[in-house]
1. Output the residue which, of all residues in the range 56-95 that are acidic (D, E) and under 22 Å from P175 (Cβ atoms), is surrounded by the fewest Cβ atoms within 10 Å (Cβ to Cβ).
2. Mind checking which residues of the range 162-181 are in contact with an Asp or Glu (Cβ under 9 Å, 6 or more places away or on another chain), part of a loop (DSSP other than H, G, I, E, B) and not β-branched (V, I, T)?
3. Please enumerate the residues belonging to the range 148-161 that are small (G, A, S) and either crowded, with 20+ Cβ neighbours inside 10 Å or in a loop (DSSP other than H, G, I, E, B) (or both).
4. If we scan the range 286-301, do we find a residue that is assigned to a helix (DSSP H, G or I), closer than 23 Å to G44 by Cα, touching a strand residue (DSSP E or B) at 6+ places or on another chain (Cβ under 6 Å) and in contact (Cβ under 8 Å) with a residue 24 or more places away in the chain?
5. Applying the selection to the range 162-198, what residues are at pLDDT below 95, within 19 Å of the chain's Cα centre (by Cα) and of a type outside the set (G, A, S)?
6. Can you name the residue in the range 66-111 that is of a type in the set (D, E) and either farther than 15 Å from W142 by Cβ or touching a helix residue (DSSP H, G or I) at 6+ places or on another chain (Cβ under 9 Å) (or both) and is also modelled with the lowest pLDDT among such residues?
7. Among the residues of the range 324-371, write down those that are modelled with pLDDT of 85 or more and at positive phi.
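The values are calculated or read from the model by the stated rules, or taken from the named source; none is laboratory data. Remember, it's a predicted structure, so these values are computed and weren't measured experimentally. Because the Cβ atoms are built from the backbone with ideal geometry, glycine has one as well, and the counts that use them run over all protein chains shown.
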Amino acid sequence: MIQPWSIDVGGHRGMGANIIRANKLVPAYRENTLGSFQAAAATGASFVEFDVQVTADGTPVLWHDDTVDFGDPSAPTRVPVAGLTLPEFQALGGGGAAPRVVRSFWEEAAPAPADAAADAAAVADAPRGGSPPRARTPPRAWRCDVDEGFPTFEQLFCALPPGVGFDIEVKMATPRELAVTPAAEVDRVVGPVLAVAERCCPPAGAAAAAGAGAAPGRGERPIVFSSFDPDVCAALRARQSRWPVLLLSAGGREPHADARRAGLGAALRVAAGGGLDGLIVDSGALRDDPGFAAAVAAAGGGAGRRALRLLTYGADNDDPAWVLEQARLGVRGVICDDVPRVLAALRAAAAAAGAVAAVAAASAARAAGHGVAPAAGAVVRAAAA
């Protein structure tokens, strides 16, 4: 039986994607920056999730959006990462006289406290996702309390210890109206990303022989690759077999011209038919169709078939009760924004289970001493509480 706390927790873009709450950007860290990833790891996340794109001069960098927007918020300049060289990209995150990046953010609806004095406390203490997103803001300056520059993929390897896993989302900034990404663009992105991973994460034996294992963050590390693009996943699978490749799926919640992205069923067919290692699906889509977890389990693991792993992402994963339920469904990992809150709930569940186990052991010992069987029904009821 899968224990309800035995599920990996990953930090979404580090400590979470930036959103607006009470007219303030949260979390304090800019998403997809080294400090945000280090904070997530220090909090206890077993892995971090991030987006990788490739600049015009072939350098993989960490960036989520389809474009980098900067300048006047009322009429920003929008350039894809593929249209910027590495120096141009990093200059936009360097502060000083460089144009500031701007962005349209999701804004959470403010809570409704009983009085004005409670307002500040309610906003400060409200759990991430406690209020649904109200809308997207107009473009505004992207300034966080901890405002770092824009890192490269390689820099992240050096910034985190090898025990912290990576979910590397290979991001394709192509329009939803394009059903199939051109093969040349897939190659332009996948090649440099794999080259960095192979250089920074050599096999244990090779790292020791070359002395690379002594470099901070280099050496063996838990890694999975993921992408919403089935052709990117196919390329990652074809070019290496060392690291798992998982297909991302919004579960049909985000319309796309590619029929392979039409829903959970389509995603499962792609993953099972393409020799992939599993899926990372929208947590809300799984909540609407929890039986999908059993379908994933049934699709892999039989004779001649590899077992498929299932992970989830999305705002629903900031609900600890739903995370615990996902573990019971067999979900292997969750990517969440509110890492501290989710981990606290899992630790509490583990502690409670430990207490139940201790009670059961004491009951069994007493029963054995008196020559009677323990009260199994009581133990079961306690474990289910």
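1. The residue in question is D66.
2. P162, K171, M172, A173, P175, R176, L178, A179, listed by residue number.
3. Quick first cut of the range 148-161, residues small (G, A, S) only: 149, 159.
Listed by number, the list holds a single entry, G149.
4. So far as the range 286-301 goes, no, none of its residues is assigned to a helix (DSSP H, G or I), closer than 23 Å to G44 by Cα, touching a strand residue (DSSP E or B) at 6+ places or on another chain (Cβ under 6 Å) and in contact (Cβ under 8 Å) with a residue 24 or more places away in the chain.
5. The answer is P162, and nothing else.
6. E108
7. Listed by number, the list holds a single entry, G330.
To keep it simple, each residue is scored yes or no on (1) in contact (Cβ under 8 Å) with a residue 24 or more places away in the chain; (2) under 16 Å from the mean Cα position of the chain (by Cα); (3) farther than 29 Å from P203 by Cβ.
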| site | (1), (2), (3) |
| --- | --- |
| I223 | yes, yes, no |
| D231 | yes, no, no |
| R237 | yes, no, no |
| Q240 | yes, no, no |
| W243 | yes, no, no |
| L246 | yes, yes, no |
| G252 | yes, no, yes |
| P255 | yes, no, yes |
| A267 | no, no, yes |
